[in-house]
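Asker: The structure follows.
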Amino acid sequence: MTRIDSADPPEANPPVRRRRSRPGPLGFVLESVRMAWRWLTRMRTALYLLGVLGVETLVATVVPQEPNVPRTVTAWRAGTEGPGETVSAFIDMIGAYDAYGSPVFLATLLLLFTSLTACLLPRTRAWWRIARSSRPPRTNHLGKQEQVARFETTAEPEEALATGRALLGRRRWRLRSPDADPGAEPQVAAEKGHVLREGGSLLFHLSFYVLLIGVVLGQLLGFSGQVGIIEGDEHSWTETQVAYWSSAPGRWWSGDDHRRFEVTLDRFDVDWHRDPAFGGQPSLFLSHVTVTHPDGSSREDTVGGNDPLVVDGMKIHQLDWGYAPRVVIEEDGQVVHDGFLTLSATEEGVWHGAAKAPAADPDIGLDLFLVPYAPTDEAGRPQITGAPWDDAPLLLFRQYVGDLRLEAAQGVNTLDLAGLVEMGNGALRPGRSVDLGEGVTVSFPELRRWVGFQVSRRPTVPLLLAGAVLVLLGLVPALYASRRRLWMTATADPSTGRTTVTVAGRAFQRPQAFAAEYEDLVRALRRELPAPADPPGPSPASENRTSDPRPPREQVVRR
Amino acid sequence: MTLAELSKLLFSPVTLLLYTTSMLAYLYAMAFTKVDRSADEAALAGNRARILGSALAVAGVAAHVAHILTRSIASGRWPRGNMFEFSSIMALTVVLGGLVILQWRMRRAEVMGFVLLGALITLGLSLLVYAEPAPLAPILDSWWRAIHVSAISLAAGIFTMGFVFNALHLLRDTAERRVAARTEAFGGSTVGAAFAGTPTDEDHDQLVDTVAERANPDPDALHDALHDDAYRLALRDALADRWLGVRFPWRIALGSIVVVTLFSLTFQRTSATLAMPLITLAIVGLAWWAVPYLPSASTLDSLAYRTIVFAFPIWTFAVITGAIWAEQSWGRYWGWDPKETSAFLTWVAYAGYLHARATRGMRGRGASWFGIVAFCVLMFTYFVVNLLITGLHSYAGL
């Protein structure tokens, strides 16, 4: 019995080996750690962990996530949306509103990666051994392989085996060295696909470390911020930390990393399919911007929905847009508010915002609604429609007076009504103004648009892309490469002076593809070896066990 | 008739009818191909039915492709914009995959009937989310979209085939195991096992009839045929066994009604809610009738594995291209949006299936259950997340 040098990859579920444990409490601890490690390294455990990850992801799909949709989460907590307050409290308790930041999720990831590491270390070592010096195993059961063929040749046995070896070598099979087994009956043993399949699987799993490193480094080094810029605004926006409406700098991102370029939005093109069949579906969003670098050079460019602009390594994405009416409030001839408001869309197709004039005495606040398309009907009254295009804009507002309470945190587009008293309301077309009495006039000189940009720097995106490519590069051979082995013997028959060559093969995957490859190999071998002049008896037996009348092998080995 | 109307007509009824008749022909072929192995194969009714089924399936594919082309001309873009178009392409993938891979490459035409059934169900679901051809939102106007959506629909179609095989494997495996247990109990007699459960006169008559029909005088062949038929009867009978006082098909039906009702709630169509349990019952009955004619359980298992192994890298690629497109379009490669999350969940589920296949003690039935769960996750990703959970993939606003 020869030793099998080219061992199969380690078992997915290694048997738990019992070792004699050290006595005492230390021994108990060591034994526990060892058992935990053993448990963690089993494939079955990895499966369970994948299942846990799946369940957590499922929960996070169904439950709204606070980092994504904070408003929905607030509504769920208040009980106005979703399953109600009791369930919401339970969701909060298990931390499912931020599932991907929860300790449970991070612990699952940690365990999964530990399990992966524990599984990959011995496998990588074994693979390295096979890849460096593989010794395909001999077989003592030549006749019992899936594919067996016999034929006769007039060549000497050594010559036949050498021909076979050369043929297999040309076809890139790994061969067992003929000197490996002194004294044993000469046999050609070859294998193919082991290194590729296992290597692919290893590459696939190892590339998850690349992805992990890419994500973590990206979190630390990256930056992303949001800002709204008004169309045609003469004041350009400068890329600095304070200029953003909101930003998420990574821990290793410093204020010096800002690029300090300036951006102006020259024009924002937006259009819709006006055919009522398509319900005002948008057809175009395009920002025309001018970017001025700190050195004074500037260029004009566009930012589109799928077409971000890269400036000094920072990507500018166009993510949001809205109408920006200019609202002027005058009190006793004194201008107390003059500026563009960045209105936000509501579900009804009306745009909402607020104008705040703390300079007035007392404070004046306007709660505003813009109807983009409100054409005047025959009676001279505006018709409110849900159409998004601004062919006949109408600005509706309610006036409040009192204390705006700006010292407390509040949204740009909402008023804190606690300190305010409603005074009256009005409606304005562009270019008009209205006198609200007590010396207060409100005017609506023009309507523009604003665009919400995201400016971000994600330095690890190329690394992540490389990781993703590695995942695919590993996955394909891991799933499609098939491991197969081949053996060949040659015995001389002294009575006829001929040599009987036996070729046997076995595929661990894709037996049908191997059958074709095997037939081709045997045919090539027979072509290269001199055939006897008159084949005695019936035609040489090329026996294919898969075409055996007996039931296929897979049925026999069923549990 | 406008182009859009022609396109709709080509889809329903033309494509649907062609696929349905093709499915029936394939099912007929499955049941009657193996009547007599010694006779001239081409002359058998079963083989003629298979050729008819293939012809109808090819005609169905042609009509389907014509529908997609006319629809794209009508809307002036490639049909990858909404759920109906996605489902339609997914079903086309199922039929094409079945014809090319299963029938042409693997020579496994006997399960084609069920593959077409899977395609028909996908198409039926697509009708529930039917939308007239419309222009595309500008945010969807990207090369990555074409690649991402194509890969997703391709993978989803092949996964659907995999699900069909997994389900058939579990069914056939259950039947085979029970027959094996009974045969054991009857001292190795399959004929005994065939009548172990409920030996009705009808069953017996059928067995005698099929044996008597044979004009082959060879006693060995007769014995073989008798054995085959007894095994088939035993398989079907084993599935009709009582379990906890409920007959097995009823158990499947009850479970299916629960699942299907959930599905119907997702679509919120009353007609669907009423029709679906009936359709499910019909499918369960069909599966029960077909179980003796299916390939062996291990063959079905291997077919399921090979299909899923084919689709998994495509799905992986699709998720990666999705991330690339998200980076280009939304300014981040991964944002835990419900759709991204559930696509990842589907990936994890199918990775679980592949790992289960490689884990000792989970091969076979365990792995198949993983495959079934993974497909449910895929359907959840597709329908529930799209229709009930709002995220960026709902394409509302910019």
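Asker: Step by step: first the residues of the range A:505-521, then only those that are within 11 Å of chain B (Cβ to nearest Cβ) and not in a helix (DSSP H, G or I), then the one that is most open to solvent (accessible area, probe 1.4 Å). Which residue is that?
Answerer: A:Arg510
Asker: Let me ask something else about it. State yes or no: is B:Gly352 at the interface with chain A (Cβ under 8 Å from one of its Cβ atoms), surrounded by 22 or more Cβ atoms within 10 Å (Cβ to Cβ), assigned to a helix (DSSP H, G or I) and not basic (Lys, Arg)?
Answerer: Values: at the interface with chain A (Cβ under 8 Å from one of its Cβ atoms): yes; surrounded by 22 or more Cβ atoms within 10 Å (Cβ to Cβ): yes; assigned to a helix (DSSP H, G or I): yes; not basic (Lys, Arg): yes.
Yes, satisfied.
Asker: While we're looking at this one, here's another question. Give the range A:158-167 a look and list any residue that's in contact with a Pro (Cβ under 8 Å, 6 or more places away or on another chain) and crowded, with 17+ Cβ neighbours inside 10 Å, or say none. Even if it seems obvious, please write down each step before you answer.
Answerer: Going residue by residue through the range A:158-167, those that are in contact with a Pro (Cβ under 8 Å, 6 or more places away or on another chain) are A:158, A:161, A:165.
Matches in the range A:158-167: A:Leu161, A:Arg165.
Asker: Identify all residues within the range A:89-145 that are over 29 Å from A:Ile213 (Cβ atoms), open to solvent by less than 40 Å² (accessible area, probe 1.4 Å) and either in a loop (DSSP other than H, G, I, E, B) or without any contact (Cβ under 8 Å) to a residue 40 or more places away in the chain (or both); write none if there are none. Steps first, please.
Answerer: Filtering the range A:89-145 for residues over 29 Å from A:Ile213 (Cβ atoms) gives A:89-94, A:133-145.
Subset that is open to solvent by less than 40 Å² (accessible area, probe 1.4 Å): A:91, A:134, A:136-139, A:142-143, A:145.
Residues satisfying the conditions are A:Ile91, A:Ser134, A:Pro136, A:Pro137, A:Arg138, A:Thr139, A:Gln145.
Asker: So in the range A:168-194, with the set limited to residues that are buried (at least 19 other Cβ atoms within 10 Å of the Cβ) and either assigned to a helix (DSSP H, G or I) or among the acidic types (Asp, Glu) (or both), which one is nearest to the chain's Cα centre (by Cα)?
Answerer: Going through the qualifying residues, I end up with A:His194.
Asker: In addition: What number of residues in the range A:468-482 are open to solvent by less than 20 Å² (accessible area, probe 1.4 Å), of a type in the set (A, V, I, L, M) and more than 8 Å from every other protein chain (Cβ to nearest Cβ)? So that I can check it myself, show each step before the final result.
Answerer: So the first thing to find is which residues in the range A:468-482 are open to solvent by less than 20 Å² (accessible area, probe 1.4 Å), and the list is A:468, A:471, A:474-475, A:478, A:481-482.
Restricting the remaining residues to those that are of a type in the set (A, V, I, L, M) gives A:468, A:471, A:475, A:478, A:481.
Narrowing further to those that are more than 8 Å from every other protein chain (Cβ to nearest Cβ): A:478, A:481.
The total comes to 2.
Asker: Go through the range A:55-88 and count every residue that is in contact with a helix residue (DSSP H, G or I) (Cβ under 6 Å, 6 or more places away or on another chain), part of a helix (DSSP H, G or I) and more than 20 Å from B:Lys339 (Cβ to Cβ).
Answerer: 2
Asker: Among (1) free of Cβ contacts under 8 Å to residues at least 12 places away in the same chain; (2) closer than 30 Å to B:Ile324 by Cβ, where does A:Ser495 come up short?
Answerer: (2)
Asker: Could you please tell me which pairs satisfy a Cβ distance under 8 Å, a separation of 6+ or placement on different chains, a first residue in the range A:153-181 that is farther than 16 Å from A:Arg484 by Cα, and a second residue that is of a type in the set (Lys, Arg) and open to solvent by 60 Å² or more (accessible area, probe 1.4 Å)?
Answerer: Note: pairs meeting the criteria are A:Thr153/A:Arg526; A:Ser177/A:Arg135; A:Ala180/A:Arg135.
Asker: Looking at A:Arg299, A:Arg260, A:Arg326 in this structure, which one is free of Cβ contacts under 8 Å to residues at least 40 places away in the same chain, more than 14 Å from chain B (Cβ to nearest Cβ) and touching a Pro at 6+ places or on another chain (Cβ under 7 Å)?
Answerer: A:Arg260
Asker: Also, quick follow-up: Determine whether the range B:331-348 contains at least one residue that is open to solvent by less than 10 Å² (accessible area, probe 1.4 Å) and among the aromatic types (Phe, Trp, Tyr).
Answerer: Scanning the range B:331-348 turns up no residue that is open to solvent by less than 10 Å² (accessible area, probe 1.4 Å) and among the aromatic types (Phe, Trp, Tyr).
Asker: Would you point out the residue of the range A:38-55, among those that are over 14 Å from B:Gly366 (Cβ atoms) and small (Gly, Ala, Ser), that is nearest to the other protein chains (Cβ to nearest Cβ)?
Answerer: The extreme case among them is A:Gly54.
Asker: Within the range B:296-329, track down each residue that is within 12 Å of B:Arg172 (Cβ to Cβ) and either open to solvent by less than 10 Å² (accessible area, probe 1.4 Å) or among the aliphatic types (A, V, I, L, M) (or both).
Answerer: B:Ala297, B:Leu300, B:Leu303, B:Ala304
Asker: Okay, next question. Restricting the search to the range A:424-440, which residues are of a type outside the set (Val, Ile, Thr), at negative phi and in contact with a Phe, Trp or Tyr (Cβ under 9 Å, 6 or more places away or on another chain)?
Answerer: Hits for the range A:424-440 are A:Asn425, A:Gly426, A:Ala427, A:Leu428, A:Arg429, A:Pro430, A:Arg432, A:Ser433.
Asker: When only residues in the range A:483-504 that are among the hydroxyl-bearing types (Ser, Thr, Tyr) and part of a strand (DSSP E or B) count, which is nearest to the other protein chains (Cβ to nearest Cβ)?
Answerer: Result: A:Thr502.
Asker: If we scan the range A:441-451, do we find a residue that is more than 30 Å from A:Asp338 (Cα to Cα) and among the small types (Gly, Ala, Ser)?
Answerer: No: the range A:441-451 contains no residue that is more than 30 Å from A:Asp338 (Cα to Cα) and among the small types (Gly, Ala, Ser).
Asker: Also, I was wondering about something else. Condition first: surrounded by fewer than 16 Cβ atoms within 10 Å (Cβ to Cβ), more than 8 Å from every other protein chain (Cβ to nearest Cβ) and not in a strand (DSSP E or B). Now tell me which residues in the range A:272-296 satisfy that.
Answerer: A:Arg274, A:Asp275, A:Pro276, A:Gly279, A:His293, A:Pro294, A:Asp295, A:Gly296
Asker: Specify the residue that is modelled with the highest pLDDT; the eligible residues are those in the range B:73-93 that are open to solvent by 40 Å² or more (accessible area, probe 1.4 Å) and assigned to a helix (DSSP H, G or I).
Answerer: Checked the range B:73-93; the qualifying residue modelled with the highest pLDDT is B:Ile73.
Asker: Condition test on B:Glu327, is it at the interface with another protein chain (Cβ under 8 Å from one of its Cβ atoms), more than 20 Å from B:Gly371 (Cα to Cα) and in a helix (DSSP H, G or I)?
Answerer: So B:Glu327 fits the description; yes.
Asker: Restricting to the range A:338-349, and then to whatever is more than 17 Å from A:Gly452 (Cβ to Cβ) and open to solvent by 30 Å² or more (accessible area, probe 1.4 Å), can you tell me which residue is nearest to the other protein chains (Cβ to nearest Cβ)?
Answerer: Top of the filtered list is A:Glu347.
Asker: Something else now. Residues in the range A:220-269 that are in a strand (DSSP E or B), touching a helix residue (DSSP H, G or I) at 6+ places or on another chain (Cβ under 7 Å) and either open to solvent by 60 Å² or more (accessible area, probe 1.4 Å) or within 20 Å of A:Gly305 (Cα to Cα) (or both): how many?
Answerer: Here the count works out to 1.
Asker: Based on this model, can you work out whether A:Arg457 counts as in contact with a Phe, Trp or Tyr (Cβ under 9 Å, 6 or more places away or on another chain), touching a residue at least 24 places away in the same chain (Cβ under 8 Å), within 14 Å of chain B (Cβ to nearest Cβ) and open to solvent by 60 Å² or more (accessible area, probe 1.4 Å)?
Answerer: Yes.
Asker: Something else: Among B:Phe370, B:Phe344, B:Phe383, which is part of a helix (DSSP H, G or I), within 29 Å of A:Ser102 (Cα to Cα) and in contact (Cβ under 8 Å) with a residue 60 or more places away in the chain?
Answerer: B:Phe383
Asker: Consider A:Tyr48 carefully, then state whether it is in a helix (DSSP H, G or I), touching a Lys or Arg at 6+ places or on another chain (Cβ under 9 Å), modelled with pLDDT of 85 or more and surrounded by 13 or more Cβ atoms within 10 Å (Cβ to Cβ).
Answerer: On the way: in a helix (DSSP H, G or I): yes; touching a Lys or Arg at 6+ places or on another chain (Cβ under 9 Å): no; modelled with pLDDT of 85 or more: yes; surrounded by 13 or more Cβ atoms within 10 Å (Cβ to Cβ): yes.
It is false that A:Tyr48 is in a helix (DSSP H, G or I), touching a Lys or Arg at 6+ places or on another chain (Cβ under 9 Å), modelled with pLDDT of 85 or more and surrounded by 13 or more Cβ atoms within 10 Å (Cβ to Cβ).
Asker: Still on this structure: Looking at the range A:62-102 only, could you name the residues that are modelled with pLDDT of 80 or more and among the charged types (D, E, K, R)?
Answerer: A:Glu66, A:Arg77, A:Glu85, A:Asp92, A:Asp98 - these are the residues of the range A:62-102 that are modelled with pLDDT of 80 or more and among the charged types (D, E, K, R).
Asker: Within the range B:145-158, does at least one residue satisfy the condition of being at pLDDT 60 or above, more than 30 Å from A:Gln281 (Cα to Cα) and buried (at least 16 other Cβ atoms within 10 Å of the Cβ)?
Answerer: yes
The values are calculated or read from the model by the stated rules, or taken from the named source; none is laboratory data. Computed from a predicted structure; not experimentally measured. All Cβ positions, even for glycine, are placed from backbone atoms using ideal geometry, and neighbour counts span all protein chains on display. In case anyone asks, the SASA skips ligands and DNA or RNA and just uses the protein heavy atoms, side chains included. Shrake-Rupley method; radii C 1.70, N 1.55, O 1.52, S 1.80 Å.
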